[in-house]
Amino acid sequence: MSERATPFYCPFCGDEDLRPVEEDRGWLCGACRRVFTVNFLGIRLPEGAK
């Protein structure tokens, strides 16, 4: 399993041309040239769920 969360599209322009950026574990969008990261915060269960 990879330590990097993999996005399927750019959250800014919606393009799918994404490349990993090693410096900050981010992603570079080839269309809009923005660099961003994806963070997984966790799973929240509904109240009262076991």
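Residue by residue, here is whether (1) among the aromatic types (Phe, Trp, Tyr); (2) modelled with pLDDT under 95 holds:
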site	(1), (2)
Glu3	no, yes
Tyr9	yes, no
Gly14	no, no
Leu18	no, no
Glu22	no, yes
Gly26	no, yes
Cys29	no, no
Arg34	no, no
Asn39	no, yes
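As an exercise: evaluate Ile43 against (1) in contact (Cβ under 8 Å) with a residue 24 or more places away in the chain; (2) open to solvent by 80 Å² or more (accessible area, probe 1.4 Å) and give the number of the one condition it does not meet.
Every listed condition holds for Ile43 apart from (1).
In the stretch 19-36, which residue that is within 13 Å of Thr6 (Cα to Cα) and not charged (D, E, K, R) is most open to solvent (accessible area, probe 1.4 Å)?
The selected residue is Pro20.
I'm trying to understand the selection: among the residues of the stretch 21-50, which are touching a Leu at 6+ places or on another chain (Cβ under 8 Å) and either among the basic types (Lys, Arg) or not in a loop (DSSP other than H, G, I, E, B) (or both)?
Passing the criteria: Val21, Trp27, Leu28, Cys29, Arg34, Val35.
Could you please let me know if Asp15 is open to solvent by 100 Å² or more (accessible area, probe 1.4 Å) and either among the β-branched types (Val, Ile, Thr) or assigned to a loop (DSSP other than H, G, I, E, B) (or both)?
The answer is no for Asp15.
The values are calculated or read from the model by the stated rules, or taken from the named source; none is laboratory data. The structure presented is a predicted model; accordingly, all values stated were derived computationally and were not measured. Reconstructed Cβ throughout: ideal geometry from the backbone, glycine too, with neighbour counts over all protein chains shown. Heavy atoms of the whole protein, side chains included, go into the accessibility calculation; ligands, DNA and RNA do not. Shrake-Rupley method; radii C 1.70, N 1.55, O 1.52, S 1.80 Å.
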